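The values are calculated or read from the model by the stated rules, or taken from the named source; none is laboratory data. For clarity, every value in this text was computed on a predicted model and none was experimentally measured. Every residue, glycine among them, receives a Cβ derived from its backbone with ideal geometry; neighbour counts consider all protein chains shown. When the accessible area is computed, the model is the full protein with side chains, heavy atoms only, and any ligands, DNA or RNA have been set aside. Shrake-Rupley method; radii C 1.70, N 1.55, O 1.52, S 1.80 Å.
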Amino acid sequence: MTATELPASLMATLPGQHYTDPAIFALEQSRIFESMWFCAVRCDDLDKPGAFQTVQIGRESVLVARDRGGRLNAFLNVCRHRGARLCTEEQGEVKRSLQCPYHAWTYGLDGKLIAAPNLQGMPDVDRSEYGLHRLHLREWLGYAWVCLADEPPSFEDTVIADVSARLGDEGEIDAYDVASLKLGKRIRYDVKANWKQIIENFMECYHCATIHPELTEVLPEFADGFAAQYYVGHGAEFGSDVQGFTVDGSEGVQRIPGVGEHQDRRYYAITVRPQVFVNLVPDHVILHRMFPLTPERTLVDCDWLYLPEVVESGQDLSRSVELFHRVNQQDFDACERCQLAMGSRSYANGGVLVPSEHHIGAFHEWVRERIESTSDGAAR
């Protein structure tokens with residue numbers, strides 16, 4: 001049965017090869033991850049001059065470092081001499097410069113070439129021309145967003161537009177003052193599934209009654225199968241006997257001061273394409289960053305963010321962390337279960353979306369349009 005022959009209540013998904021084919025994944029790397037704004041690191045993780053992190057964005061290793069003036073900079077993690085990987089550690093700290101361990105070409109934290117063996121004997125070499133390849137960087141929500149494109153898309157028309165489209169007004173997220181919150185907990189998940197499986201799962205709640213018993217206890221409307229993202233501006237309401245967004249429904253921690261009465265006792269979920277989930281509740285924010293590594297493997301860093309005084313006072317955060325940790329485990333297990341079948345002849349033409357999942361179709365169309373475009377702005 002073709003997509004045009006489906007009953008009106010069903011919509012076709014992407015074919016199975018979109019989740020397994022290395023050629024399709026390569027197009028996604030170049031035309032999505034290397035062309036759009038990518039949420040790379042949490043700014044507070046680089047809390048002093050000389051601190052750096054390396055992250056994988058598409059096919060590139062990217063180096064993010066804080067310079068002596070306190071500014072964050074992003075570069076391709078490649079020495080300009082012979083192409084050696086400059087930093088092999090995921091994170092670290094240097095005093096004043098970054099030095100290639102191969103031939104000792106040395107760069108300032110602003111990316112400028114400052115020294116190299118016998119450089120004085122090469123007066124025709126312009127040091128400013130041989131600095132590290134700089135990337136575009138924008139700080140928002142307390143994270144450094146990096147774009148590898150030569151001409152980056154408008155941050156407002158992409159990242160902020162996704163938030164506005166979900167909440168109905170970009171100002172709604174300002175109430176949570178996410179950039180001022182502090183990290184209470186971070187968990188990294190190594191998911192054996194394609195990145196799109198994870199996004200599709202996050203966008204729908206048709207599965208919630210089946211695999212999320214704790215979540216549907218806190219958010220009873222999710223048991224009906226309609227996710228919060230199905231409705232613009234809607235936040236799922238806590239159950240009448242629920243005190244907080246915790247694994248047992250018990251009281252949480254101090255409410256974020258800017259949260260309005262219309263946002264209290266509600267949960268908002270936002271997908272920011274291509275690799276971020278933002279979850280808003282009155283007393284904390286949960287932010288997921290995905291790092292797609294292969295067609296069938298994705299790293300996910302999940303941050304639980306609270307008011308600074310909550311974190312600094314050592315309050316027990318385990319009940320609020322445990323709720324979404326279980327949700328993550330349940331979701332990722334489901335994604336891995338689906339991934340196992342993506343190469344099956346049974347899924348060669350894909351599956352179907354029921355009405356409460358039809359909004360996922362817009363995501364599929366967006367992916368198709370990106371990878372079928374005839375050009376991209378990725379750094380070359």
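How much length is gained if the chain between H358 and D333 is pulled fully straight, taking 0.36 nm per residue apart and subtracting their Cα-Cα distance, in nm to one decimal?
6.7 nm
Taking K95 as the anchor, which lysines have their alpha carbon closer than 22 Å to its alpha carbon, excluding any fewer than eight residues away along the same chain?
Straight-distance partners of K95: K48, K112.
Using a Gaussian network model of the chain whose springs link C-alpha atoms within less than 10 Å, name the residue from A40, A227, A175 with the highest mean-square fluctuation.
Evaluated over the chain, the most mobile residue of the options is A175.
So with the 1.4 Å probe, I'd like the accessible area per residue for the range 1-107, rounded to whole Å².
That works out to 46 Å² per residue.
Once the dipole of the chain is set up with Lys and Arg at +1 and Asp and Glu at -1 on Cβ about the Cα centre, which of L132, N279, P308 lies farthest towards its positive end?
Of the listed residues, the answer is L132.
Give me the distance in nm between label points sitting 7 Å out from Cα along the Cα-to-Cβ direction at L293 and E261, one decimal.
In this crude spin-label approximation the distance works out to 4.9 nm.
Using 0.36 nm per residue, how much length does the chain from H133 to A161 gain when fully extended, once their Cα-Cα distance is taken away?
Fully extending the segment from H133 to A161 adds 7.2 nm.
Stretched out fully, how many nm does the piece from N349 to A115 gain, at 0.36 nm a residue minus the Cα gap?
78.6 nm
Out of residues 5 or more away from Y143 or on other chains, whose amide H comes under 5 Å of its own, with H placed 1.01 Å from N in the peptide plane?
C43
In sequence order, what are the phi-derived ³J(HN,Hα) couplings for the range 173-187 according to the Karplus relation 6.51 cos²θ - 1.76 cosθ + 1.60 with θ = phi - 60°, rounded to whole Hz, with x for glycine and proline?
Rounded to whole hertz, the list is 6, 4, 4, 8, 6, 4, 5, 8, 6, 10, 6, x, 7, 9, 10.
Round to a whole number: what % of the accessible area of the chain belongs to carbon and sulfur, probe 1.4 Å?
47
For mean projected area of the Cα convex hull in nm², which listed value, (1) 28.0; (2) 29.9; (3) 20.6, comes from the coordinates shown?
Given (1) 28.0; (2) 29.9; (3) 20.6, the structure-derived one carries the label (3).
What is the magnitude of the charge dipole of the chain about its Cα centre, with +1 placed on the Cβ of each Lys and Arg, -1 on the Cβ of each Asp and Glu, and no other charges, expressed in debye to the nearest 20?
1680
Counting only GluC sites (Glu not before Pro) that sit in a DSSP loop (anything but H, G, I, E, B) with at most 14 other Cβ atoms within 10 Å, what is the longest stretch of the chain containing none of them?
91-250
So what J values fall out for the range 285-290 if you push phi through Karplus, 6.51 cos²θ - 1.76 cosθ + 1.60 with θ = phi - 60°, rounded to Hz, Gly and Pro as x?
For the range 285-290, the Karplus curve yields 10, 10, 10, 9, 10, 9 Hz.
Determine the sum of side-chain charges near G50: Lys and Arg each +1, Asp and Glu each -1, restricted to other residues whose C-beta is under 9 angstrom from that of G50.
+3
Show me the chymotrypsin sites (Phe, Trp or Tyr not before Pro) within the range 20-73 that DSSP assigns to loop and that have at most 16 other Cβ atoms within 10 Å of their Cβ.
none
Is it possible to state the helix-based mean residue ellipticity at 222 nm for the chain, with each DSSP H run of 4+ residues giving -39500 (n - 2.57), the sum divided by total residues, to the nearest 500 deg cm²/dmol? What is it?
After summing the helix terms and dividing by the residues of the chain, the value is -6000 deg cm²/dmol.
Take the eigenvalues of the Cα gyration tensor for the range 1-158, scale each by 5, and report the square roots as semi-axes in whole Å, largest first.
They are 39, 18, 13 Å, listed from largest to smallest.
Which residues' amide hydrogens lie under 5 Å from the amide hydrogen of G92, considering only partners 5 or more residues apart or on another chain, with H built in the peptide plane?
F52
Hey, if we sort H288, H358 by accessible area with the 1.4 Å probe, largest down, what's the order?
So the residues, ranked largest to smallest area, are H358, H288.
Most mobile of R345, R96, R166 per a Gaussian network model of the chain (Cα springs, under 10 Å)?
R345
For T88, tell me the accessible area in Å² from a 1.4 Å probe, rounded to the nearest 10.
Ignoring ligands and nucleic acids, T88 comes out at about 110 Å².
Which of D316, D110, D333 moves the most in a Gaussian network model of the chain with Cα springs under 10 Å?
Per the Cα network of the chain with a 10 Å cutoff, D316 tops the list.
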